[in-house]
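Taken together, the values in this text are just the output of simple stated rules run on the coordinates, not laboratory data. This is a predicted model, so every value here is computed, not measured. No Cβ is skipped: glycine too gets one built from the backbone with ideal geometry, and neighbour counts run over all protein chains shown.
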Amino acid sequence: MSKGVLYDANKCIGCRACQVACKQWNEMPAETTTNTGSCENPPKVSAYTLTKIRFNELEHDGKFHWVFTKIQCMHCEHPACAEACLVGAFQKTPEGAVVYDDNKCIGCRYCMVACPFGIPCYQWDDPMPWVRKCSFCADRQSAGLKPACVTTCPTGALKYGERDDLIDEAHQRIAANRDKYVDHVYGEHEVGGTSWLYLSPVPFEKLGMPVVGQEAVTVNVERAMGAVPPVLVGVAAIMSGVYWLVKRRQQPGGEGAPNDKEQVEVPK
Amino acid sequence: MTNHWIDLRNADCIMIIGSNAAENHPISFKWVTEAMDKGAKLISVDPRFTRTSSKADIYAPMRSGTDIAFIGGMINYILNDMENNPGNYNMEYVTQYTNAACIVNPNFKFTDGLFGEVENGKYNTASKGTWKYANTATPATDTTLKDPDCVFQLMKKHYSRYDADTVCDITGTPKDVYLEVCQTYAASGRTGKAGTIMYAMGTTQHTYGTQNVRSYAVLQLLLGNMGVAGGGINALRGTSNVQGSTDMCLLAHILPGYLNVPMEGDTDLDTYILRTGKHAGATITPQGLAGDVSSNWWGNSRKYVVSLLKAWYGDAATADNDFGFHNLPKCDPSVNYTHIGMIEAMGRGIVKGLWVWGQNPASGGPNSNGARTALGNLDWLVTADIWMTETSEFWKRPGVDPADIGTEVFVLPAACSYEKEGSISNSGRWAQWRYKAVEPLGDAMADLEIMSILMSKIQELYQADASAPGRQAIIDLEWDYGHVTADMIAREINGYDLTTGKLAVSFGALKDDGTTSSGNWLYCNMYTEEDGNKAARRNPADMHPGKIGLHSEWSWCWPLNRRIIYNRASVDLDGNPWDSEHPVILDYDSVTKWKGDIPDGGWAPINQAAEGAKYLPFIMKPEGVARLWGYGRTDGPLPEVYEPWESPLDRNLMSDAKNNPCAFVGTYMNDRGTPERFPYVGTTYRCSEHWQTGVMTRSLPWLVELMPDMYVEIGEDLAVEKGISNGDTIIVSSARGEIQAVAMVTRRLQPLQVDGKAIHHVGVLNHWGYSGMATGDSANILTPHVGDANTTIPEFKTFLCNVRRA
Amino acid sequence: MIINKRSIPVGTIILTVVVLLGLVAMILRYVYGLGATTNMSDGRAWGLWISFDLYCGVALAAGGFTLAGIVYIFGREKYHAVARPAILTAFLGYTLVILALLVDLGQPWYIWRFLFNWNIHSPLFEVSLCVMLYTIVLALEFSPAVFERLSSLDYPLIRRFNWRIPLRVIRSIQIPLVIAGIVLSTLHQSSLGSMLLMMPETLHPLWYTPILPILFLFSAIAVGPAMVMFESALSSRVFGHKLSIDVMSGLGKATAYVLGLYLLLKIVDLLARGDLALVATAYPHNLLWWGEIIIGVILPIIFFSMSSIRRNRTMLFWSAVLVVLGLVFNRFNVSMLALEIRPGFTYVPHWMEFAISAALVADAMLVIFLAHRLLPMHEEEAAVESG
Ligand SMILES: Nc1nc2c(c(=O)[nH]1)N[C@H]1C(S)=C(S)[C@@H](COP(=O)(O)OP(=O)(O)OC[C@H]3O[C@@H](n4cnc5c(=O)[nH]c(N)nc54)[C@H](O)[C@@H]3O)O[C@H]1N2
Ligand SMILES: Nc1nc2c(c(=O)[nH]1)N[C@H]1C(S)=C(S)[C@@H](COP(=O)(O)OP(=O)(O)OC[C@H]3O[C@@H](n4cnc5c(=O)[nH]c(N)nc54)[C@H](O)[C@@H]3O)O[C@H]1N2
Ligand code: SF4
Ligand code: SF4
Ligand code: SF4
Ligand code: SF4
Ligand code: SF4
Ligand SMILES: [Mo]
């Protein structure tokens, strides 16, 4: 059993206490921002802003909606970041969190490119940069605490618990209130499932959540990497074989033989 | 709040009007969300689509300043529906627990928007006399509610003018949405259902703010929603401990515990008590109701005043000297002592020195240009604050040469909330004790300590100067704290039995013979010998038999730890809860008395009590029933529609009385705008991310990151009209001044159809100023120096303005 | 050795200037960090350096293993003449890849960590290991040229050592080395494609396919000979060392076959995935796709299969150029242009990114110049000279 968080956009009031709590727990500096005509700031998650609330003003079913969306690492069941990282700096823990280790990372940023949700961020302004993303507050969890954002959330829009239970509860909430929720628990199946789950009153693409398939993004990589040992052995064997054959054929005929053949072809 | 935060979860319908609770009281949404999980409907009424509206089942836009029309139409809808479908309402509650059945003076006249004759901004005494009951001591009632002079019929007549079409023409609310609101909210009137109203500054900051609140009260009483779990009218209080500060008299018209302030002419204690009407002789007992006696709790006020004087003057207060009543300053009835009045007096050079304690008048009050100029007229200014503020730095504000300002400014560094111990009273009236977490930085001191040192010094100086004016009043004060602690003050507020020296057990034990003291009768019982400091209790269990979320051993709440006030109205005449699922008090029997919450008087249910002891439920009213008909206000017994002081309309669509005739209108640097020059409705408000004048948040990087700049919200149509794009810098102007801000162009503000024309709102954030880390223009440069007829709360919420690209 | 004397100063000076400029940019990069010196961002975490220096660099250096294979394994001695330059180019190519990575990595000083923290599931880990090993292999493969030269030098100090010994050692393991090179190249050339398999959601479906590794391998094999043709043509212009038209056209023909196979794979793959219609509908991505296919595949197949062109040095050269350009186009598509950028971000490389990439290429060219001047680039020559 692994932990998860259920984020219910129907219960989120966009107060952004979670955003500040995350900064506080993780001792992250404030970013310099400007108001560009939106309540939203900082504009994006970054190495110094591991979570943020997106404000979406949209039309759905002929009705105006203002829906908030919390963005942070999804803690994939099959994390691309962890599969990608050559040094294994990212690890999916059995408890659900995908955690990162400064002591392994070399800064290649493959994890950032690989993540289907665009989550890991980089300390671009630092000559000695590290990758940063939401850690699911693994440190707090291991001390028996809930993630900082969950603890702070005033409305219960964030609920922490066993992932399986949360999925059940999410479906119950939908069933109990069909006209308030779209019938979709985002993260239940997305990219093979994620530890963080979402409920929403409008289709998720309208919230800017990536439209992703149900298959883990790591499947094809795993297949390809599985082929490495046979390819290694196979290619080595074939090349040795070819060499041996060619050598044997060349022995009596001498060096010129194959060349002659080609020279015949050229003038055609 | 008549109820409390957790109780919101018991509501079947929640109407948030005049409040943006999701943003300004985020934690309230813990309970709103819980109620909604159980099927409650949420209605949001606001000129803007806010974060609160985003969670609502129904969002009804309205023009700022038109709450009375909006609610009046609902009242009209309900009064009509009551006659057609009485089964949908709790008619027993309406007839027995409110003054609906009471017969009013037949000379009462309402003509063209006025409740009588107005002279110098006041209704004359003769007119006010007609607002009262026909029989002022023992009013007759007609429980069939048919008598044309009974309150119910007078209201029917009054609100018949508030038909949905007229109302929507005033408020700009789409009619279908409006009717949906009426229907949905009226459903909470069914016996056993509860609806609650959450309101705050959107309601009160108007020249008729008090009547706005009254209109909610009328609505709630008609629906039987007062005193019940999940009901009530719930003022979401503002700045931290503002509830405590009003309880403790941080307003110009009251003494601690909502005792009246003495006025010139209150020559002695008895005269004073008589004038305030808070005495046993003022009891009014309606005739013909099932309940036959009013407890008129305020009849006890002399005990509370005397105990207060004992707390203040100690041994110097004796029966012979009227307990030192002569020491109290007396107010001049012609002077307005409120914030606006004070600034005007400063502007005119009448007030020469100012203490500013945890406040920022240079941008918090209305008409900042006026207020800032007025500060320059002072000889001296002292601020006690945890930051440098626009007020303490007013003399070097942009555009001003410090050399031109003669005011001498002192800044006293104060300890912040984590650096001191004490109680904070929340909106639910819960006094919650907090401990000191860290030592104050630098020279900072707890406000209490600053005050105590200061007072000792002042007494010393007065002691030394025999000719000092008012000397006796100062040296008579009992000020022997030594090193003062919050605990000492808490005990003093609770009060003592002076004969035993023990803490007083409750205000029931306070006497008017000088043998008890109490700094605030309402808080008497918070600190007892038996239980110690009950504000410090931290038992989270809910002991209520109905599990309605009372948590009565968590902190302590006034009065007497009663969590839902007027809870005797939550049961029928036989004492059975209207709502058996969410009973507040229940299971009365003559031995064990009531179970559940502390009842508003432990008497038997009306039908079980003996003749002459059937106590009416609304104990704080002399008539024992709640007032649909509120004759005690200065501006009329019923809420009536007026336009704001600055209105986009050239007339009142209801009558010829355009503005509240009793509103306070300032005259110091207070120009009035016209719709020709300033065509748009300006309104000011808050956002989650900042606090008030911003002093406390604009220097916190994490909050500045969230909301870095002063911004103004405008609708898309207005933006197109004005060639403004989202994110542009714009200038908003009013007759008082102009400000610069970032334009936030949004669909959340829609033009409203009012009197045949489109009305645009301009939403101005209230958190910026020139001090601190993130700076910007203050909203209050735009707002006028006008105030409510009853309280003088400034009309921050509606004024006229114009916008243009910078 | 024949040296075009006139070209030395002008070319070298230009190259040296480019190298120095890049050096400055590189210093700035280390002092101020990637944020200040590149336009990469959280949205585009891999920029010009990965697309050009790594993705194109590795593929363009494929000539090393293809030619080594053709000559040493398949015994096509005719191509012996280009083998050594191809290996040198490959070696330099890989050195540059490594240098570029040292610039691109956020924590280059920790690059050794990957030797101690293996994530064998990561294609990048495999690429890294292979690139490291293959660079060593290439160094060894090329080392005979150095030893030959050293043994021919007449400096007393150098003469004290018998350079024939290492030469002999290397020659004795030449075939295993070549086979190792082919294995390592097969693995990492394809794994560069596997790396992109992680991006099914962000790499456009015109490119994303489970057979990406195979396509990568084939395109690398195809560009290898083309690159050799291109380089030899260039170096012949500079050093006057003309390749026989016969070798050139042979390489061209081989390229055409491999490209044909590659094209077939691509089409069949799109068909199999049901995404063929995208080549017409997925505007604007389809333009990128057609661009790389027409330039790098269709035109070269046509040209290389025309015997008239195969007999024309200039045309052969330009056809090879097309293959190279097509490959570059392809690698930019998969690693940048057709890879979704995070919403709200844009990316145009900073001038310092260009400067560093250019400096690395210039660096390589300088080394090649030097090599051509100082080292025996063709075994026959070496034999003659040393003989
Ligand atoms: N984050 C945060 N929280 C706060 C504060 C803060 O500064 N920041 N301040 C605290 C204080 S002191 C207070 S008093 C409370 C105030 O709490 P609120 O009253 O909720 O605060 P406002 O945002 O001023 O106004 C509420 C709403 O009234 C609407 N409104 C404007 N005109 C009208 C009208 O005529 N009728 C109606 N019905 N609505 C209207 C506005 O659009 C606004 O959304 O908040 C407290 N909480
Ligand atoms: N336009 C417009 N104006 C408004 C309103 C509006 O809605 N619109 N709302 C009005 C309302 S409801 C309110 S309550 C007022 C608020 O107006 P103010 O009270 O003037 O505003 P604050 O910014 O809350 O100022 C409080 C000050 O107390 C200081 N402080 C905090 N803690 C302590 C402490 O422990 N000790 C001491 N000594 N100081 C402390 C803070 O640093 C700050 O300077 O604004 C009013 N002004
Ligand atoms: S969301 Fe991205 S960063 Fe987070 S676990 Fe999944 S792949 Fe890794
Ligand atoms: S940047 Fe660090 S964590 Fe990310 S893939 Fe590279 S080494 Fe691993
Ligand atoms: S789980 Fe922790 S790290 Fe992640 S968003 Fe919440 S507070 Fe931040
Ligand atoms: S703290 Fe909770 S309610 Fe507030 S923005 Fe975050 S998730 Fe939403
Ligand atoms: S008082 Fe503090 S914790 Fe409570 S709702 Fe307001 S901001 Fe939140
Ligand atoms: Mo307030």
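Tabulated data for the structure shown
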| read-out | value |
| --- | --- |
| Globularity index of the stretch C:293-355, i.e. its alpha-carbon radius of gyration over 2.2 N^0.38 Å | 1.54 |
| Residue (of B:763, B:695, B:674) at the positive-pole extreme of the stretch B:642-796, dipole from beta-carbon charges | B:695 |
| Linear extension gain, residue B:608 paired with residue B:692, 0.36 nm per residue minus alpha-carbon span | 25.1 nm |
| DSSP-assigned coil residues among GluC sites (Glu not before Pro) in the stretch B:663-733, each with at most 11 further Cβ atoms within 10 Å | B:676 |
| Distance violations [Cα-Cα > 22 Å] among A:52/A:206; A:146/B:30; B:303/B:330; A:70/B:38; B:132/B:278 | A:70/B:38 |
| Rg to Rh, two decimals, where the stretch C:204-340 supplies the alpha carbon set and Rh follows Kirkwood | 1.02 |
| Relative contact order (percent, whole number), chain B, Cα cutoff 8 Å, 6+ residue spacing | 17 percent |
| Taking the C-alpha atoms of chain A, convex hull volume expressed per residue in Å³ | 244 Å³ |
| Cα centroid of the stretch B:166-188 to Cα centroid of the stretch B:586-665, whole Å | 24 Å |
| GNM flexibility winner over chain C from C:284, C:349, C:205 (Cα, springs under 10 Å) | C:284 |
| Ellipticity estimate at 222 nm from DSSP helix runs (n ≥ 4, -39,500 (n - 2.57)) divided over chain A, nearest 500 | -9500 deg cm²/dmol |
| Given charges at beta-carbon only (K, R positive; D, E negative), |dipole| of the stretch C:204-340 in Debye | 500 debye |
| Dipole-positive endmost among B:576, B:528, B:54 within chain B (Cβ charges, Cα centre) | B:54 |
| Stretchable slack from residue B:543 to residue B:454, in nm (0.36 nm times residue separation minus alpha-carbon distance) | 27.6 nm |
| Rounded FRET efficiency, nearest 0.05, which uses the C-beta distance separating residue B:319 from residue B:280 and R0 of 22 Å | 0.70 |
| Those trypsin sites (Lys or Arg not before Pro) in the stretch C:94-201 that DSSP places in a loop and that have at most 12 other beta carbons within 10 Å | C:160 |
| Of C:210, C:200, C:343, the one that fluctuates the most in a GNM where chain C has Cα springs shorter than 10 Å | C:343 |
| Gain on full stretching of the segment that runs from residue B:461 to residue B:436 - 0.36 nm per residue minus C-alpha separation | 5.8 nm |
| Chain C: relative contact order as a whole-number percent, Cα under 8 Å and 6+ apart | 31 percent |
| Magnitude of the charge dipole, chain B, Cβ model with Lys/Arg +1 and Asp/Glu -1, debye to 20 | 920 debye |
| Members of B:310/B:352; A:180/B:193; B:420/B:547 lying beyond 25 Å, as alpha-carbon distances in this model show | B:310/B:352; B:420/B:547 |
| Under 14 Å, Cβ to Cβ, from residue B:50 - net charge with Lys/Arg +1 and Asp/Glu -1 | +2 |
| Near-label residues of the stretch B:45-67 by backbone N, under 20 Å of a point 7 Å along Cα→Cβ of residue A:63 | B:45-62 |
| Geometric extent, Cα atoms of the protein assembly as shown - Rg, Dmax (angstrom) | 42.2, 140 |
| Chain B: C-alpha gyration tensor shape, a/c 1.5 cut-off, then a/b vs b/c | rounded |
| Kirkwood Rh, angstrom, the stretch A:82-181 [1 / mean 1/r, Cα pairs] | 15.9 Å |
| Solution diffusion estimate, µm²/s, Stokes-Einstein, chain C, Kirkwood Rh from C-alpha pairs, 10 °C, viscosity 1.306 mPa s | 73 µm²/s |
| The stretch B:1-99 shape via C-alpha gyration tensor axes, a/c threshold 1.5 | oblate |
| Equivalent-ellipsoid semi-axes of the stretch B:163-240, from the Cα gyration tensor, Å, largest first | 21, 20, 10 |
| Residue B:109 versus residue A:172: modelled label distance in nm, points set 7 Å from Cα along the beta carbon direction | 6.6 nm |
| Candidates per GluC sites (Glu not before Pro) in the stretch B:476-540, loop by DSSP, up to 13 other Cβ within 10 Å | B:529, B:530 |
| Percent of Cα pairs exceeding the 21 Å cut-off, where the set is the stretch B:612-758 | 65 percent |
| Residue B:81/residue B:146 FRET efficiency (R0 25 Å; Cβ-Cβ; nearest 0.05) | 0.90 |
| Per residue convex hull volume, Cα atoms of the stretch A:91-137, in Å³ | 89 Å³ |
